[in-house]
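Student: Before anything else, here's the structure in question.
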Amino acid sequence: MSTRIGGGQNREGTLEPRIQVEEKSRETVDQYPPDIVDQLKRAAFIEGEAANTYIKRINTSNNTPEPKVVTVEVRDESLVIDVEDIVGIVNLTPNATLQIDPKIGWSDILEMFLDVGEQRRTLKYQGIPIREFLADDIGIEDVFIVVAVNYLDSLDDIFNHGFIRSFEYRRVTALDARGRIDIMNSLKNLHFPNSVPKHEFVQKIVKYSIPINDIIYKAGLELQRLFYLYNGGSGNSNYTRIFSRLERAIKRLEQRGITGESIRLTDVPDITIADISRQRHYYAQALEISKSILSSSIGQPLDQGREELLMEYILGMESLFEEYCAFILKEELNKLKQNPTIRGLNGLTIEKKSYQLFKDDDVTYSSQPDHVIKSGERPVAILDSKYYAKDTNPLKGSWSRSRLLSYGFHLETDNLGMIAPLAEPDSYRFAGRSGELAIISPEEDDFSTDGLRQAVRNYLRDHVGEQEEMDVLRDLQNRPVCHPEVEASVLKDMFDKPQLQADHIVDESRAILKYIVKDARLSDEMNPRHIKRMLGENRSFQSYLRRKAKGHDIVIPFFIPASDEEAQQLVNDDDLLNERPELEGATEFIKLHCLTVDEDNCISNYKSPSPFGLKW
């Protein structure tokens with residue numbers, strides 16, 4: 001595989017400014033500068049265990065193990081660059097950067113980041129590169145939201161532990177004021193004839209608008225500007241929440257009197273972590289992130305060239321994908337629990353924990369599946385997250401396959417699955433026993449978070465839950481929808497029909513009656529030529545539709561003719577006639593199914609009220 005954007009090395013023997021590779025891949029760069037080892041070390045690479053190899057790790061801000069990002073092997077005629085499943089931009093040398101691109105789109109990564117980050121503020125990764133926002137194909141408009149989350153998290157520490165501040169002293173001559181009285185100067189005021197004796201007060205003024213706080217404040221204003229500039233039309237609720245959180249943080253800084261006026265951008269490099277006292281160590285991350293944000297706004301570093309402050313934001317894709325899968329599994333399960341068409345999901349939970357393998361407490365070996373779906377203490381299904389390359393069947397990996405099968409054996413369940421973003425969805429029945437292993441992936445060729453959600457939802461619905469028998473489904477199989485412009489026979493196909501929208505169905509009353517009598521001639525008793533009698537029913541039918549459609553999204557009407565067995569049952573239902581005496585004498589009926597649909601086009605509520613009686 002060859003490098004992109006210039007191929008990695010030019011004729012003079014120096015590396016190109018930017019080398020672009022895909023995560024979890026290996027690249028070879030022909031030739032390199034003679035002092036490449038020194039340059040790698042200056043870019044924070046350390047020597048590996050193998051000869052002539054150098055490893056770069058990323059310092060995390062929450063004391064978690066430092067993930068390995070890239071390994072470089074220096075050979076006689078080339079550099080071999082081996083990158084992990086961590087995406088972003090890091091420094092390969094002081095003058096060359098390595099851009100590690102994801103297997104899936106940046107927008108989908110950000111969607112995962114937002115969902116996971118809003119659920120759990122203590123992230124195991126730092127974000128996406130900000131120093132290289134001006135690169136050709138990673139723009140600040142794509143990734144500023146990630147930086148905003150990290151910026152806000154760093155501010156939380158300051159809000160919780162306190163601001164750095166300075167003090168100024170001011171003298172005020174007055175009859176009464178706050179502060180310490182300077183007795184000597186106050187006595188001098190008594191020597192002036194014909195004057196009112198006044199005290200001289202020394203006041204201590206607390207000042208929060210100092211350089212370090214002003215750097216943080218200016219960075220917040222820059223992020224706010226980016227929200228206005230790039231995210232004005234976004235309808236994502238996570239974006240809105242983060243923007244609101246940013247506005248509240250800026251307001252808190254302003255309430256302290258922080259104005260940003262004590263320092264110019266050109267002076268920002270003079271403020272370093274070394275200026276922060278040991279007691280104020282919690283300021284370090286906020287200062288680093290803020291300087292990086294301001295660097296991006298002017299297109300040049302504000303860090304005195306120190307490698308520690310380059311803020312090489314990265315995302316660990318394997319851990320991010322696993323956490324995102326856990327998030328959507330729980331969210332989609334909760335949604336399906338509210339779906340009246342699905343049963344068998346109440347009482348189910350999803351968890352990740354370690355299970356001890358042996359009864360002997362002295363033997364501490366354990367297993368830890370990614371996602372265990374449980375009913376009480378009984379495992380129902382076990383799923384593993386597999387962030388594999390496109391068109392790679394995760395079953396081909398003997399280690400991952402064996403591990404998942406061992407989980408099933410240990411926890412005694414034969415319902416297994418692998419969630420893989422870029423694989424082909426499929427299912428495999430076990431030979432000689434019950435159960436199956438499902439590959440849970442989006443149906444579309446290109447990955448999307450919506451497609452993954454749909455795949456997870458389908459798995460939970462079809463492999464864990466059971467389809468509830470619904471009256472509306474039976475009617476769809478046996479009767480036509482009672483409207484001249486609706487021919488759909490699949491329930492979901494009706495959700496987009498404007499004629500069946502609850503706020504429009506009342507206006508469709510005449511069309512429904514006309515369809516029954518004249519267009520489709522469904523009625524056993526009403527002659528199409530007696531149109532006036534049909535119109536006489538329209539007013540009361542409109543009133544019925546208005547009452548029953550209220551509070552729902554979709555209303556699906558069906559006609560029950562006099563010859564239908566269900567019509568005979570309704571005519572002879574004494575309890576129904578006692579409850580609704582207006583049905584007395586009706587021989588044919590219009591039956592409604594009223595549905596409420598959530599944002600994912602899934603039924604969240606369903607009701608089939610007693611029918612409207614027709615007295616032709």
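The values are calculated or read from the model by the stated rules, or taken from the named source; none is laboratory data. Here the structure is a predicted model, which is why all the values come from computation and not from measurement. Ideal geometry is used to build each Cβ from the backbone, glycine not excepted, and the neighbour counts take in all protein chains shown. Accessible surface is based on the protein model in full, side chains and every heavy atom, while ligands, DNA and RNA are left aside. Shrake-Rupley method; radii C 1.70, N 1.55, O 1.52, S 1.80 Å.
Student: Considering each of K386, K359 in turn, give the residue that is of a type in the set (D, E, K, R) and open to solvent by less than 20 Å² (accessible area, probe 1.4 Å).
Tutor: Just one listed residue meets the conditions, K386.
Student: Within region 273-292, count every residue that is crowded, with 18+ Cβ neighbours inside 10 Å and over 16 Å from D156 (Cβ atoms).
Tutor: Looking only at that region, the number is 2.
Student: Y151 - would you say it is in contact with a helix residue (DSSP H, G or I) (Cβ under 9 Å, 6 or more places away or on another chain), at pLDDT 70 or above, crowded, with 21+ Cβ neighbours inside 10 Å and of a type outside the set (D, E)?
Tutor: Here the answer is yes, as Y151 does meet what is asked.
Student: Where residues in region 362-383 are of a type in the set (S, T, Y) and not in a loop (DSSP other than H, G, I, E, B), which of them is most open to solvent (accessible area, probe 1.4 Å)?
Tutor: Here the residue is S366.
Student: Cβ-Cβ distance below 9 Å, separation of 6 or more or different chains: which pairs start in region 148-168 with a residue that is among the basic types (K, R) and end on one that is surrounded by fewer than 14 Cβ atoms within 10 Å (Cβ to Cβ)?
Tutor: Short answer, once both residue conditions are applied: R165/V206.
Student: If you don't mind, another one. Does I216 satisfy the criteria of being modelled with pLDDT of 75 or more and outside any helix (DSSP H, G or I)?
Tutor: no
Student: While we're here: Do any strands (runs of 3 or more DSSP E) lying entirely in region 1-103 carry at least 3 residues that are within 25 Å of E318 (Cβ to Cβ), at pLDDT 85 or above and not basic (K, R), and which ones are they?
Tutor: It comes to 18-22, 53-57, 68-74, 78-83.
Student: Of the residues L513, L452, L476, which is within 22 Å of the chain's Cα centre (by Cα) and part of a helix (DSSP H, G or I)?
Tutor: L452 is the lone residue from the list that is within 22 Å of the chain's Cα centre (by Cα) and part of a helix (DSSP H, G or I).
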